[in-house]
Amino acid sequence: KPMPVELPPVELPLTSRKRRAWQPFRDIQVWYEALRTTFGDQFLRFLTVTFFGLKGFSSTLIQTAMLPMFKDFHASGDTFQLASMVAQIPWAMKGWMGVLSDCFPIYGYHKKGYLVISSVFGLAGIAGLMFSRELGFGVWVASFLFCLVNVEFATFDLLAEGKYTELMRENGGASEAVSFVWSAINVGVLISSIITLFLVDSSGYRPLLQLSAPMVLLALGLALRGDLPEARMRKGGVQWIKLMSEPRLFALAACMAVGALIVAASAVLLGSEGQLVVVLTVSVGLIILAYRALPRTLARSNLYMFLVSVAYLDLSGPLGYYYTANARCVPDGPGFSYGYYLAVTNVVGAIGGCIGSVLFQGMQSWSFRQAFWLTTVVQTFASVFDLVIIKRWNIAIGISDQAMFLFGDAACQQIAAMLVTMPSAVLNSLLCPRGAEATVYAILAGFQNFGASVASVLGVWLTRYLDVHSGIAGDAGDCDYKDLGTAVVLGHCVLPMLCVPFTFWLVPDVRMNDENAFELVSPAPSFRSPASSGSLSPFGGSEADDEPFFEDAPYVALADGSPVVMTGFRGVSS
C-alpha cells in the first residue's frame, strides 16, 4: 500500500483572508439594502425611531423607573404589579386603535393625526411623572400617567407594524423585517440599560424620565413631517362603508378595548376574588367573539398565543421586591441594587434578545409548532434559576446570586422571549387579511397583550392565595416569601408546559418560511374577514346568503387539513 502523504496546510492569499474578514459586514450591507428595497429610506427611518427610539430606548427607561418610583410611594409588591398592569392597558387596546385609524381619519389621514395626538399624550404623561412628588400624586395617578405614555408607544408600534406588514405582503422579506425590528428594539434596550446603570442608584428615577422625552419629541417631528407613508384621502369623514363591511371584526376590537378598561378598573376597585371573576369572564367572552369574527385558522392561532401569554403568570411584583429587598425584609437575601437588577440584567437580557434574534434566523425551516415547543422549554428552564436563588441552593454550592441570576434568568428569559415573539409576529403577519392589516394585526397583538394583563391578575391572585407578602419596610408580617418558590413552579413551569399539547390543535403545522401555505388560509383580497363556509365557523352554519356585497369569485382555504371553497366579498381597501 502506498504510504499516506501529509499535505502542508494551504495558506489563503491575503486578498482571500481580507475578503473573509469583511464578509460579515458585507452580509449586513446586503441585509440593509434588502430592507431599503422593501421599505424605502423614509419609512426605514420612521421604523428606526419607532422601534429603537420609542419601543427600545424610551420604553425601557420608563419601565425601569416604575419599580423604584412605586417603592418610593411605599406600594406593596402586588400593588406595584397591578399598577404596572394598568399602565400597560393601551397595549391591549391596539385593536380599537386600529379601528379608529382605519375608519375615522383625521383631516384626511388615517395615521398621521393619531401619531401626533398620541405624542402629545406621551409628553403630558412624562411631564406629570417628573413632578408627581411635588404634585402629591399617589400610586394610581402615577399609573394613569404611565398609561398616557404607553398610549404613544402602543400607537406608534401599531401603525408601524400595520404598514410594514402591508409592505411585507407586497415585497416579501418577512424574516429580514422582523429581525430588523427586534434587533433595533434590543439595541435601544441595551443603550438605555447602560444609562440606567450609571444613574438610577445615584440620582434616582427622575433622570430616566427626563431622558425618555427627546425620543418622544423626535417621534412627534417625524409624524408631523409624514415619514410614515400615506396618501391624503380626497374625501374625508368617517369611512362608513369600511366600518359596516366587517361589523364583527370591529365589534371585537371595541369589546377588547372595553374589556381591557374593565380589567383595569377591577384592579383598582376590587379584591383578588373579584378581579379573578372579571378577567375570566372577559377572557371567555373575547375568545368567543374572536371565533365569530376571525377565520378558523387565524382564530385558533390567536387562541394559542393568548393561552401562552396567560399561562406564564406575571410574578414581576413579588420577584422584583424580593431581589431588591433590604436585609431587614429578606435576611441573607440577594439584596440587588436597582442598578444591578434593572440595568446590568437588562444589558445581559438585551444581548440574550439579540442572540434569540440570530437563532431565529436559523430556525426558518422549522415548523411553527417546533418553534413554540422550543420556546416553552427555554422559558421553563430559565425559571429554574429563580427557584434556585429563592431556595438558596446556589449559595450551598458556592455560586453567587449575581452570577446565578445574570447568566441564568436574565439571559435565558430574553432569549426565550425573542423566540416566542418572533414566530408569533411572523405568523400574525402572514395570516392577516389583505386590506385590513392594521386592524387585524392590532387585534392579534392586542389579544397577546391582554393575555399578559390576565397573567398579571392571576399572578397577584396566586401570590395572595399562597400568603406571599412583598412589602418594603421589613416589619413583622410585611415580608414573607416562604412560598414564592411554589408560585414560581406553578406559574412559570407547570402552567406553560400544559400549553404544549394545544399546539397540535391550534398551531398550523407548516414551516415558518413557507409563505405559499398561508396564501391558502388567508382571506380573500378585500377588507372582509370571512368565513362564509360552514366548515370554517366554530358555531356551524353559513351566513353567505345573509351578507351584502356577495361575489361569485371563490378561492381555496385550508381548514382542518382539507381544502374548502370560500367566497370573497367586495370591500374597501385601507
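The values are calculated or read from the model by the stated rules, or taken from the named source; none is laboratory data. Values in this document were obtained by computation on a predicted structure and should not be read as measured data. Don't worry about glycine lacking a Cβ; one is built from the backbone with ideal geometry, like all the others, and counts go over all protein chains shown. Heads up: the accessible areas ignore ligands, DNA and RNA and are worked out on the full protein's heavy atoms, side chains in. Shrake-Rupley method; radii C 1.70, N 1.55, O 1.52, S 1.80 Å.
Can you give me the Cα centroid spacing of region 121-151 and region 176-238 in angstrom?
Each part reduced to its Cα centre gives a spacing of 18 Å.
Give the residue list of chymotrypsin sites (Phe, Trp or Tyr not before Pro) in region 119-152 that are DSSP loop and have at most 15 other beta-carbon atoms within 10 angstrom.
Sparse-neighbourhood loop chymotrypsin sites (Phe, Trp or Tyr not before Pro): F131.
So between L498 and A124, what do we pick up on full extension, going 0.36 nm a residue minus the alpha carbon distance?
In short, 130.4 nm is gained.
Over region 46-159, with the other protein chains present, what is the accessible area per residue in square angstrom, probe 1.4 angstrom?
Using a 1.4 Å probe on heavy atoms only, each residue of region 46-159 averages 28 Å².
Give, in nm to one decimal, the length gained when the segment between S400 and D41 is fully stretched (0.36 nm per residue of separation minus the Cα-Cα distance).
Additional length available on full extension: 124.5 nm.
Quick one: which of K71/K391; K94/K235; K71/K112; K94/K482; K71/K163 span more than 30 angstrom between C-alpha atoms?
K71/K112; K94/K482; K71/K163
Whole-Hz Karplus ³J(HN,Hα) for region 486-498, in order, using 6.51 cos²θ - 1.76 cosθ + 1.60 and θ = phi - 60°, x for Gly and Pro?
Going residue by residue, I get 4, 4, 5, 4, 6, x, 10, 10, 5, 4, x, 5, 5 Hz, with x marking Gly and Pro.
Rounded, prolate or oblate, given the Cα gyration tensor of region 72-129, with a/c below 1.5 counting as rounded?
Note, shape of region 72-129 comes out oblate.
Whenever you get a sec, compute what percent of the accessible area on region 240-281 sits on carbon and sulfur atoms (1.4 Å probe).
82
Arrange the residues Y465, Y441 by how much accessible surface each exposes, largest first, with a 1.4 angstrom probe.
Y465, Y441
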